[in-house]
Amino acid sequence: MLDFLPRLPRGARPLVLGIVLGISLSISSSAIVQYFERRRRRIALSQSQASELESRPIELRSDEILNGIVGIVGNTPLVRIQSLSDALGVEILAKAEAGLYLNPGGSVKDRVAVRMIDDAERQGLLHPHTGSRIFEGTSGSTGISLAMVARARGYAATIITPDDMAAEKLHALRSLGADVEQVRPASIVDKKQFVNIARQRALEFSSAYSPSVLSSSEDSLAVLTDSAARGFFADQFENKSNYDAHFDGTGPELWRQTNGNVKAFVSGAGTGGTIAGVGRFLKSMKEDIMICLADPQGSGLYNKVKHGVMFDQREKEGTKRRHQVDTVVEGIGINRLTQNIELALPLIDDAFRVTDPEVVAMARYLVKHDGLFVGSSSACNLVACVRLVKKMGWRGGERIVTVLCDSGARHYSKVSNDDYLRAEEIPIDLSLIEEMLSVDSIRPTQRQPP
């Protein structure tokens, strides 16, 4: 670069050399300044985002008086699952939504119930203390949450359930004053399916049809302005308020509690609201966060994510099983696409099918090693967390977040009942989880779906 210097007059050489060195230093200094300026801007942006989150801190409940039972819903703790985290070398964190953790209705569905009723009231579809009644068809915990919030807000509730639902849920519904109608399980195309019956009962309750908040029909969105008693079909499967409850609530809470340090979010899907709402929020904050589906055996969502086809491989053409989803798991798994699941599908990066023996083993393993008494959906989520960690080869403290969406107290008659499990030929084998945690490959389990 400086080969020309010998050709210059001797007196000019120091001057030219100084100019060249000055230009070089100037360019280097500019590059250094630009580097630190870009770094300063990134830090400022991160601090700005953190400041925005800090302006909406997670509420502490120890120093305030809450206005009624609905005020307890949400802002739940994030719990480290010690046994799984320590064994895998990662951080498996779970949003404690169920049991005695905080949500008074005992599940993550409390969030959905509050949001659906809030939105219905805002749109004039419901008016409290008018004799109006909320109708819903559910095989999971949504009915309990709706019955609780309905009582707190001045409504009655009618819940239609399949007749093979866990007895604990039935007792809870009736204790909350809900009118319960049990029907035989049927396909969604059958008018006697529990969701379809709930819709019909809402129509029968009042001459005016009160639509779900998400209804796509302009005619059905007509709002009655009077305060006469009416029937409101909550329609959790198609109601976008379900998604909104998690996009506006659960997702931001998780982000603040982890300071944005999340590698993956794992969740099952029944209506699809949780995985869609939380998944959409997390990806809007950091696009490379993995969203993974935990799907129980018999559900079609695993095949939809992995193969693009919505059916279970054991279900041959022209046949129909008695159960919508043939599994001991209640609350997640489905064989049809709902509007909330449609919102979730573009977000899902991977899916794991979880068998009944694995669910039972995980539920029992957590009681033994962590003192956690979780329900079948929560156990399913945690099996999928372990599967994901093994598949990705993570051992560097990566954070995987999931939801403890149901309590074991709702499953005494099934997952926690040895006699029931023996009758259903579901083994109780904790070694399934021990081997899953200790080796790279997962051995096939009994009743493993193809």
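Being surrounded by 24 or more Cβ atoms within 10 Å (Cβ to Cβ), among the β-branched types (Val, Ile, Thr) and modelled with pLDDT of 95 or more is not true of Val374.
For the stretch 127-146, the tally of residues that are farther than 15 Å from Gly231 by Cβ and in a helix (DSSP H, G or I) stands at 4.
Among the residues of the stretch 202-218, is any modelled with pLDDT under 75, farther than 22 Å from Thr271 by Cα and touching a His at 6+ places or on another chain (Cβ under 7 Å)? Among the residues of the stretch 202-218, not one is modelled with pLDDT under 75, farther than 22 Å from Thr271 by Cα and touching a His at 6+ places or on another chain (Cβ under 7 Å), which makes the answer no. Assess whether Ala276 counts as being buried (at least 24 other Cβ atoms within 10 Å of the Cβ), modelled with pLDDT of 95 or more and in a loop (DSSP other than H, G, I, E, B). Spelling it out, it is not the case that Ala276 is buried (at least 24 other Cβ atoms within 10 Å of the Cβ), modelled with pLDDT of 95 or more and in a loop (DSSP other than H, G, I, E, B). Restricting attention to the stretch 91-103, the residues that are at pLDDT 95 or above and surrounded by fewer than 24 Cβ atoms within 10 Å (Cβ to Cβ) add up to 2.
The set of residues in the stretch 352-385 that are under 14 Å from Gln82 (Cβ atoms) and either assigned to a helix (DSSP H, G or I) or touching a Phe, Trp or Tyr at 6+ places or on another chain (Cβ under 7 Å) (or both) comprises Tyr365, Leu366, Val367, Lys368, His369, Asp370, Leu382, Cys385. Just to be sure I understand the filter: pairs with C-beta atoms under 8 Å, separated by 6 or more residues or on different chains, first member in the stretch 230-244 and closer than 12 Å to Gly137 by Cα and in contact (Cβ under 8 Å) with a residue 12 or more places away in the chain, second member among the hydroxyl-bearing types (Ser, Thr, Tyr) and in a helix (DSSP H, G or I). Which pairs pass? Every condition considered, the pairs that remain are Ala234/Thr142; Gln236/Thr142.
Do the conditions hold for Ser132, that is, is it free of Cβ contacts under 8 Å to residues at least 60 places away in the same chain, surrounded by 20 or more Cβ atoms within 10 Å (Cβ to Cβ) and hydroxyl-bearing (Ser, Thr, Tyr)? No. Considering the stretch 104-126, and only residues there that are part of a loop (DSSP other than H, G, I, E, B) and in contact with a helix residue (DSSP H, G or I) (Cβ under 7 Å, 6 or more places away or on another chain), the residue that is surrounded by the most Cβ atoms within 10 Å (Cβ to Cβ) turns out to be Val108. Take the conditions (1) touching a residue at least 60 places away in the same chain (Cβ under 8 Å); (2) over 21 Å from Asn103 (Cβ atoms); Ala152 misses just one of them, which is (2). Remark: pairs (first residue in the stretch 355-384, over 17 Å from Leu88 (Cα atoms); second residue charged (D, E, K, R) and part of a helix (DSSP H, G or I); Cβ separation under 6 Å; 6+ apart in sequence or on different chains) = Gly375/Arg410.
Taking every residue in the stretch 63-90 that is more than 30 Å from Val386 (Cβ to Cβ) and pairing it with any residue that is outside any helix (DSSP H, G or I), at least 6 positions away or on another chain, the pairs with Cβ-Cβ distances below 8 Å are Ile69/Pro104; Ile72/Arg61; Ile72/Leu66; Ile72/Leu102; Ile72/Asn103; Ile72/Pro104.
Annotation: Asp86 fulfils all but one of (1) at pLDDT 95 or above; (2) surrounded by 22 or more Cβ atoms within 10 Å (Cβ to Cβ); (3) part of a helix (DSSP H, G or I); (4) not small (Gly, Ala, Ser); the unmet one is (2).
The values are calculated or read from the model by the stated rules, or taken from the named source; none is laboratory data. Since the model is a prediction, treat every value here as computed from it, not as a measurement. As a convention, Cβ positions derive from the backbone with ideal geometry for all residues, glycine included, and neighbour counts pool all protein chains shown.
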